[in-house]
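For reference, the structure is listed below as structure tokens.
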Amino acid sequence: MYLLTAEEMQQLDRTAIKDLGIPGVVLMENAGLRVLETIYQIVGDPNGKKVVIFAGKGNNGGDGFVVARHLLNAGAEVKVLLFADIGEISGDAKINLNVLLAMGHKVFPVNNPNSLNIVKLGTAYTDLVVDAIFGTGFKGSVPEHYANIIEIINNSGKPVVSVDIPSGLEANSGLVHGACIRATATVTFAHAKIGLLVQQGPEYAGKLTVADISIPPGLAQKQGIKRFLVTDELIRGIIPARKPEGHKGTYGRVLVVGGSQGLSGAAVLASTAALRAGAGLVTLAVPVGLHDLMEIKLTEVMTRPLPQTEDLCIGTEALAVVREMVENSDVLALGPGLSTGDSTVEFVRQLLPGLQKPAVIDADGLNALVGASEIMDDCAAAVVMTPHPGEMARLMGIKTGEVQNNRVEVCLEAAKRWKAVMVLKGNRTIIAHPDGTLYVNPTGNPGMATGGTGDVLTGIIAGLLGQGLSALEAAVAGVYFHGLAGDLAAAGKGMISLAAGDLLDYLPQATKGY
């Protein structure tokens, strides 16, 4: 599923109208009909039902006029409240407003503070509210009068269907700067707008429907759109079928390098996750002082002791051994529980230049690279980096708040700067490729906000890399399975008690059938 900005959607509209000859009024009619389908799902037969439609002066309001006409024809009692004077309406929206007026239906302007009583009465005695105020071009915060009306709508307790996007939500960023409609359902047209899927978008959009309004889907591809929503269908196209003649060497030899005093669990989670993700062979390399413990904790994962520093960490003394192990592996996972001592940082910085095998870098592997992006210039391998927002802030030299307020842009920029597939973890994890391709993942839940879940993700991605997926494919599928395992775990155990190890238990169920 493509994810478009407001400007890209406007260009698609223009192409459909000018190049394909589809009249704008036809697109508007189709949009209104698709909204009507969702209304039927919520209220059933609209005959005798009361509906209040809030319409803006642009094409979003025009879609609302189409909805009003069809509801009237179906026997509904419809009240249209207009955020403009009738004379301000133009273009295709005016055509549909004129039809509505010719039917003898009244439209009530509510564009001044004295109209709040009309709004309160309308929302108090209605079965449904339709939000057709602002379209995808909206940015910033809504004016005070609009904010007052939006507050009345949100406090009405009535179901709300938003046309294309909830009014007050930015289509490009998913941010809300003040008042915003909290929709029960949102019907967006042709393609999803990226702001509906990231940041605060999902919270305000409610149940999202992407509706066909007769714009050919191939236009987005021709326009070069490179943003996508991760879907089950997409994942099924990524995961290769296992061949009967396959053996453990077929599915990849994964080397996990990590662990330090007090952080051994991270390495255990990552290496076990790589196995659960389908890797044929997994070896965990840890400081020699932790090796006996790993031998006890792990059964299917092989272990290898490494020379260690005085504080039981992996340092430059281990470089020669690890380099040899990398040569005999297909994938390197670096960072879980690694620590941040000077020798460990130097170990990471010397290991990566000239690396020939695909790698996943996480946690302290990332922290060791802060301020040294030039190291990736000499890394010949495909790399996946999996920072949480704090780690991303350190990598990019900005504050965590800046990351969270601009997740899409920061992730894309980080992928380019670090020459790696970048996975920005969090609500709606974002995966970006240096070429500008971007995916938004819909799986996962707040119960996964607990220590160790990131280590599990590292292992899953490494395990998928070992099976021959590209760095981007492994990152996309790994994030999806990771979140799905978390959703299954939350459904089975609840979010409060969810722990990272639960993801390992539910991962087989998440990957079953692929």
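To keep it simple, each residue is scored yes or no on (1) without any contact (Cβ under 8 Å) to a residue 40 or more places away in the chain; (2) under 22 Å from PHE189 (Cβ atoms); (3) touching a Lys or Arg at 6+ places or on another chain (Cβ under 7 Å).
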{"site": "ASN47", "(1), (2), (3)": "yes, no, no"}
{"site": "VAL51", "(1), (2), (3)": "no, yes, no"}
{"site": "ALA55", "(1), (2), (3)": "no, yes, no"}
{"site": "ASP63", "(1), (2), (3)": "no, yes, no"}
{"site": "VAL66", "(1), (2), (3)": "yes, yes, no"}
{"site": "ALA74", "(1), (2), (3)": "yes, yes, no"}
{"site": "LYS94", "(1), (2), (3)": "yes, yes, no"}
{"site": "PRO109", "(1), (2), (3)": "yes, no, no"}
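If the condition is being of a type in the set (Ser, Thr, Tyr) and touching a residue at least 24 places away in the same chain (Cβ under 8 Å), then the range 498-514 contributes THR511, TYR514. The set of residues in the range 186-216 that are under 23 Å from ALA477 (Cβ atoms) and not hydrophobic (A, V, I, L, M, F, W, C) comprises HIS191, PRO202. Of the set (1) crowded, with 22+ Cβ neighbours inside 10 Å; (2) at pLDDT 95 or above, all apply to LYS158 but (1). Looking at VAL80, VAL67, just one residue is among the β-branched types (Val, Ile, Thr), assigned to a helix (DSSP H, G or I) and in contact with a Gly (Cβ under 8 Å, 6 or more places away or on another chain), and that residue is VAL67.
Each residue in the range 353-383 was checked for being touching a residue at least 60 places away in the same chain (Cβ under 8 Å) and on the phi > 0 side of the Ramachandran plot, and 1 of them qualify.
Taking the listed residues THR209, THR186, THR231, the one that is modelled with pLDDT of 95 or more, surrounded by fewer than 20 Cβ atoms within 10 Å (Cβ to Cβ) and in contact with a Ser or Thr (Cβ under 7 Å, 6 or more places away or on another chain) is THR209, with no other qualifying.
Residue-by-condition table, conditions (1) touching a residue at least 60 places away in the same chain (Cβ under 8 Å); (2) within 24 Å of PRO202 (Cα to Cα):
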{"residue": "VAL410", "(1), (2)": "no, yes"}
{"residue": "ALA415", "(1), (2)": "no, no"}
{"residue": "GLY436", "(1), (2)": "yes, yes"}
{"residue": "VAL440", "(1), (2)": "yes, yes"}
{"residue": "ASN445", "(1), (2)": "no, yes"}
{"residue": "ILE460", "(1), (2)": "yes, no"}
{"residue": "LEU465", "(1), (2)": "yes, no"}
{"residue": "GLY478", "(1), (2)": "yes, yes"}
{"residue": "HIS482", "(1), (2)": "no, yes"}
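When you look at ILE42, is it in the same structural domain as VAL161 (by TED's automatic domain parsing), over 20 Å from GLY137 (Cα atoms) and hydrophobic (A, V, I, L, M, F, W, C), yes or no? Taking the combined requirement at face value, the residue satisfies it.
The values are calculated or read from the model by the stated rules, or taken from the named source; none is laboratory data. Keep in mind that what you see is a predicted model, and the values were worked out from it rather than measured. Note that each Cβ is placed from the backbone with ideal geometry, even for glycine, and that neighbours are counted across all protein chains shown.
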